[in-house]
Amino acid sequence: METFIRNIPKAELHLHIEGTLEPELMFAIGERNGVELRFGSVEDVRRAYEFTNLQDFLDIYYEGAKVLQEEQDFYDLTWAYLTKVHEQNVRHVEIFFDPQTHTDRGIPFETVVSGIHRALGDAETALEMSTGLIMCFLRHLSAEAAMETLEMALPFKEWIIAVGLDSSEIGHPPEKFVEVFDRAREEGFLTVAHAGEEGPPEFIWQALDFLKAGRIDHGVRCVEDDRLVERLRDEKIALTVCPLSNVKLCVFDAMEQHNLKQLLDLGLRATVNSDDPSYFGGYMNANFLAAQRALGLEKEDIYRLVRNSFEAAFVGEERKEALIQELDEYMEGAA
Ligand code: ADE
Ligand code: ZN
């Protein structure tokens, strides 16, 4: 089973690039930019990763991101992630970035997006991966600030496939961002949103009805509302579930309590993703392995999770079919 999981071709659809910043790279980049961290050592950083909720984590995540200043920093960060998941047979990635975390510190939007985009381009040619970039608005900031960020992104819109919504969920319902998402769709962006991670099922309804989200990031609390489950199933809305993240942020007390298997059995388009792997204890394979062991997932479940991610990917039909064919050939070989 472990070999089967390691080698199966897969896609990652829920990954914050700032959440891949490993402490070693945080220190290396911090040093070359002359940025003082409040942590004394790599070990100090890792020791701080004891979270009891989303906000605990976000406070440290935004702190770490302060070392990122130059285009090359964003390139190095993205490239480190891409080479790592390439070794895990991740064939397609869609990466979130949080421009406001950087522009609010005076880093130009162009610096951020150029570094990430250049690494994604190199992955397409050198690693034969397909890639997409999704710009997230920080929901704890105002709708006006989100609109300004959208305007900054317009000159780069060929590089960005979708917009999303992340950061502190409680107190920041999706409806706050209706106008921004309307404008984003008019400009040709697809839409996704974090909802139902810590927040109630009502926020998932809002993400669908007000933001026209094509996928829901996390969405695990949908099971509290039968009508919502029906809607997600009927409309084949994917849920980008992040097992290790959910346990680390205490959305579930333990992996054994995670509802990933329940979501699959309800016929929902659940997928497995790593969210912020540097902070939550593992990349794609670690997420699959932890969920498989705790929930007793069968090969058929793993296949379904991967297939769901290919079906829900924001790529052209031709690439989608090629990915699914690669998966089916892998399954035939593994049988
Ligand atoms: N930003 C980075 N990771 C996040 C998560 N899991 N939820 C909300 N915002 C985030
Ligand atoms: Zn997330």
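The values are calculated or read from the model by the stated rules, or taken from the named source; none is laboratory data. Note that this is a predicted model, so its numbers are computed, not measured. Here the Cβ positions follow ideal geometry from the backbone for every residue, glycine too, while neighbour counts run over all protein chains shown. Areas reflect the complete protein model, heavy atoms only, side chains present, ligands, DNA and RNA absent. Shrake-Rupley method; radii C 1.70, N 1.55, O 1.52, S 1.80 Å.
Taking region 145-171, which residues are of a type outside the set (A, V, I, L, M), over 19 Å from the mean Cα position of the chain (by Cα) and within 27 Å of I60 (Cβ to Cβ)? So that I can check it myself, show each step before the final result.
Initial filter on region 145-171 (of a type outside the set (A, V, I, L, M)): 148-149, 151, 155-159, 164, 166-169, 171.
Now restrict to residues that are over 19 Å from the mean Cα position of the chain (by Cα): 148-149, 151, 155-158, 171.
Scanning region 145-171 gives E148, T149, G171.
Among the helices (runs of 4 or more DSSP H) confined to region 248-335, the ones with at least 1 residues that are among the basic types (K, R) and in contact (Cβ under 8 Å) with a residue 40 or more places away in the chain are located at 260-265, 299-312, 317-334. Condition first: surrounded by fewer than 19 Cβ atoms within 10 Å (Cβ to Cβ), within 14 Å of ligand 1 (Cβ to nearest atom) and within 18 Å of T52 (Cα to Cα). Can you find one or more residues in region 213-230 that meet it? No - not one qualifying residue is present in region 213-230. Of the candidates V45, V85, the single residue that is within 20 Å of the chain's Cα centre (by Cα) and either open to solvent by less than 10 Å² (accessible area, probe 1.4 Å) or small (G, A, S) (or both) is V85.
Note on region 109-168: residues that are hydroxyl-bearing (S, T, Y) and within 18 Å of F74 (Cβ to Cβ) amount to 4. In region 163-177, the condition of being in a helix (DSSP H, G or I), touching a helix residue (DSSP H, G or I) at 6+ places or on another chain (Cβ under 6 Å), of a type in the set (F, W, Y) and modelled with pLDDT of 95 or more is met by at least one residue.
When G219, G115 are checked against the criterion of being small (G, A, S) and within 16 Å of the chain's Cα centre (by Cα), G219 stands alone in meeting it. Against the condition modelled with pLDDT of 95 or more and away from ligand 2 (no atom under 16 Å from the Cβ), how does K248 come out, does it pass? No. For region 124-140, the condition holds for at least one residue, the condition being that it is in contact (Cβ under 8 Å) with a residue 40 or more places away in the chain, away from ligand 2 (no atom under 16 Å from the Cβ) and among the hydrophobic types (A, V, I, L, M, F, W, C). Those helices (runs of 4 or more DSSP H) of region 1-108 in which 2 or more residues are closer than 30 Å to E326 by Cα occupy 2-7, 71-86. Only residues that are open to solvent by less than 30 Å² (accessible area, probe 1.4 Å), touching a helix residue (DSSP H, G or I) at 6+ places or on another chain (Cβ under 7 Å) and either within 16 Å of ligand 1 (Cβ to nearest atom) or not basic (K, R) (or both) were counted across region 3-36, and they come to 16.
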